[in-house]
Amino acid sequence: MSDYEELCWMPAVELSRRISDREVTPVDVAEAVLGRISDVNPQLNAFVYHDPDQVLADAKELTEQLAGRRPVPPLHGIPYSVKEVCAVAGTPVTSGVVPFKDAVAEHDEPVAARLRAAGGLFLGKTNSAEGGYKATSSNHLYGTTHNPWRHGMTAGGSSSGAGAAVAAGMGQLAQGTDGGGSVRIPAAVNGVVGFKPALGRIPQTRLAGRFHTFAYHGPITRTVGDAALMLNAMAGFDPADPLSLPSDHVDYVAALDRDIDGARFAWSPNLGFATVDPEIEEICLRAVSAFTELGCTVDEADPGWGNPEQAMWEGVWAPVYSSMLDAADWDAHSGEVDDQFVELIRSGARLTAREIQRADAERGRMVDQMTAFMCDFDFLVTPVTTQPTFAADAFCPDSLSGAPLPHQLMGWVLTYPFNMTTNPAISVPAGFTSAGMPVGLQIIGGLRADAQVLSVASAYERARPWSHHRPNVLAVQR
């Protein structure tokens, strides 16, 4: 492997050590990753804002700061990207929506400011599903992000560019947002790690409201250790988010070495309501056997919710998007915005207060049932997606075509219930379909059990390593 390739694929935890020991410099890293982005991004469209000159200038400054400085910040010189929907001063923040094409952020959101303060090397901003409302990888403003494992296949969403960038070696760390699975879904279909932490673990100010209890920031990385390293930098209280948690003083990287022998796992292939492709179920069931090998108990069980789709739609998704009704003249932008996106906005505006409150009460019942369920288990394990990866230009899998809009959005994933219950959840690679596309396994922990979820994922990673699997996006020789 060339030096160029080694630096692009090296885990951030290892790269951090080498930078701290002065074995490599941030400039070395920047030059390697900039070369990789130049080679690969035109094929994938993962980055939609990228200033190579600024990246190199920042890397030179970070290299100069190394002189005589010990210890260095934990992410010093480590490349990271930020999802386009997240505010970074002076960069576009359009959510891939044409009517908002001129929007530019005036400040850094807390999560972006923390990554910069930790010494990270900002590479640019990654593509998102249009408006962040769907789990696929297209929008009318920037176009489609392609899956690194096969061009023309979806990279998932809504943090599509983040998942594709990390999977393709374009930076070790990527920030994503997750309102219904938007970190875990792209992680799953791109063959990397995506962690949705507990509510409030990472402060969020992207949404105008300050009391949204479904939206999260989270890391997308190639290894569990890198996700923990990134979480160390992003977690902690911020007064701008009244729901943010105080620091728990946990070093999430150090916590990865916890012994999981004797842990109790519930395995649910469908959460009791979904239709799951047999190949997806078989791949995930084989992956779950790793926990038995590690000395854990595994029983098939689920929380007994019934189908939570309507509660998510009427209590969370549609009401939140209804706030955009007057943000643009949607009729004037016909053909420039997804019809389904506009319908989502308008359907939310049609909901009554009674319907929304009824859905919220159902969500409360789900939390109660999940709490009772987790008295018998330490972790719940499920597939991330119910269907194999499909074409990038499709709105949903063929099996859901013609279904009502809510089911087209939610019927092919098992992630959104845990945005409703606020439990931490991670997607880790489970294997590949017969068509060669990655499949993700979802591990869910108890309320605020972030460190425990990461430690279990790390133990699984050691038992079923995956980072040696890399997509051959381009046959580039250097």
Quiz prompt | So GLY132, is it closer than 21 Å to THR415 by Cβ, out of contact with any helix residue (DSSP H, G or I) (no Cβ under 9 Å at 6 or more places or on another chain) and either buried (at least 20 other Cβ atoms within 10 Å of the Cβ) or without any contact (Cβ under 8 Å) to a residue 24 or more places away in the chain (or both) | solution = yes
Self-check item: Sole residue being farther than 27 Å from ASN232 by Cα and either touching a Phe, Trp or Tyr at 6+ places or on another chain (Cβ under 6 Å) or open to solvent by 20 Å² or more (accessible area, probe 1.4 Å) (or both), chosen from GLY179, GLY152, GLY124, GLY218
Solution: GLY152
Quiz item: Residues of segment 200-215 being in contact with a helix residue (DSSP H, G or I) (Cβ under 7 Å, 6 or more places away or on another chain) and either aromatic (Phe, Trp, Tyr) or open to solvent by less than 20 Å² (accessible area, probe 1.4 Å) (or both), which ones?
Solution: ARG201, ILE202, PRO203, PHE214
Practice problem: Report those strands (runs of 3 or more DSSP E) wholly inside segment 106-220 carrying at least 2 residues which are of a type in the set (S, T, N, Q). | Solution: 173-178
Quiz prompt | Members of segment 221-230 that are buried (at least 24 other Cβ atoms within 10 Å of the Cβ) and either part of a helix (DSSP H, G or I) or basic (Lys, Arg) (or both) | solution = ARG222, VAL224, ASP226, ALA227, ALA228, LEU229, MET230
Quiz item: Say we look at segment 269-285 and pick out the residues that are of a type outside the set (Asp, Glu) and over 22 Å from the mean Cα position of the chain (by Cα); which of these is nearest to MET370 (Cα to Cα)?
Solution: GLY272
Quiz item: Any idea which of (1) open to solvent by less than 30 Å² (accessible area, probe 1.4 Å); (2) on the phi > 0 side of the Ramachandran plot is the one ALA46 doesn't satisfy?
Solution: (2)
Quiz item: Can you tell me which residue in segment 13-57 is nearest to ASN139 (Cα to Cα), limited to those that are outside any helix (DSSP H, G or I) and of a type in the set (Val, Ile, Thr)?
Solution: VAL48
Practice problem: Please verify whether segment 437-445 includes one or more residues that are farther than 18 Å from VAL189 by Cβ and within 19 Å of the chain's Cα centre (by Cα). | Solution: yes
Quiz item: How many residues are surrounded by fewer than 12 Cβ atoms within 10 Å (Cβ to Cβ), among the polar types (S, T, N, Q) and not in a strand (DSSP E or B) when one looks only at segment 312-334?
Solution: 0
Quiz prompt | Within segment 53-107, tally of residues that are among the small types (Gly, Ala, Ser) and touching an Asp or Glu at 6+ places or on another chain (Cβ under 6 Å) | solution = 3
Quiz item: What number goes with the only condition from (1) out of contact with any Leu (no Cβ under 9 Å at 6 or more places or on another chain); (2) without any contact (Cβ under 8 Å) to a residue 60 or more places away in the chain; (3) open to solvent by less than 10 Å² (accessible area, probe 1.4 Å); (4) within 16 Å of LEU454 (Cα to Cα) that PRO186 does not pass?
Solution: (4)
Quiz prompt | Given (1) part of a loop (DSSP other than H, G, I, E, B); (2) modelled with pLDDT of 95 or more, index of the condition ASP259 fails | solution = (2)
Quiz item: Any chance segment 271-294 includes a residue that's among the polar types (S, T, N, Q), more than 22 Å from GLU355 (Cα to Cα) and buried (at least 17 other Cβ atoms within 10 Å of the Cβ)?
Solution: no
Quiz item: Consider ALA457 against the criteria (1) within 21 Å of the chain's Cα centre (by Cα); (2) open to solvent by 10 Å² or more (accessible area, probe 1.4 Å): it satisfies all of them except one. Which criterion is unmet?
Solution: (2)
Self-check item: All positions within segment 69-94 that are touching a residue at least 40 places away in the same chain (Cβ under 8 Å), in a loop (DSSP other than H, G, I, E, B), closer than 14 Å to THR177 by Cβ and not acidic (Asp, Glu)
Solution: VAL85, CYS86, ALA87
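If you check VAL288, VAL250, which single one turns out to be touching a residue at least 12 places away in the same chain (Cβ under 8 Å) and closer than 30 Å to GLY436 by Cβ?
VAL288
The values are calculated or read from the model by the stated rules, or taken from the named source; none is laboratory data. Since we're looking at a predicted model, the values are computed, not measured. Glycine gets a Cβ as well: all are built from the backbone with ideal geometry, and neighbour counts include every protein chain shown. These accessible areas exclude ligands, DNA and RNA; they are computed on the full protein's heavy atoms, side chains included. Shrake-Rupley method; radii C 1.70, N 1.55, O 1.52, S 1.80 Å.
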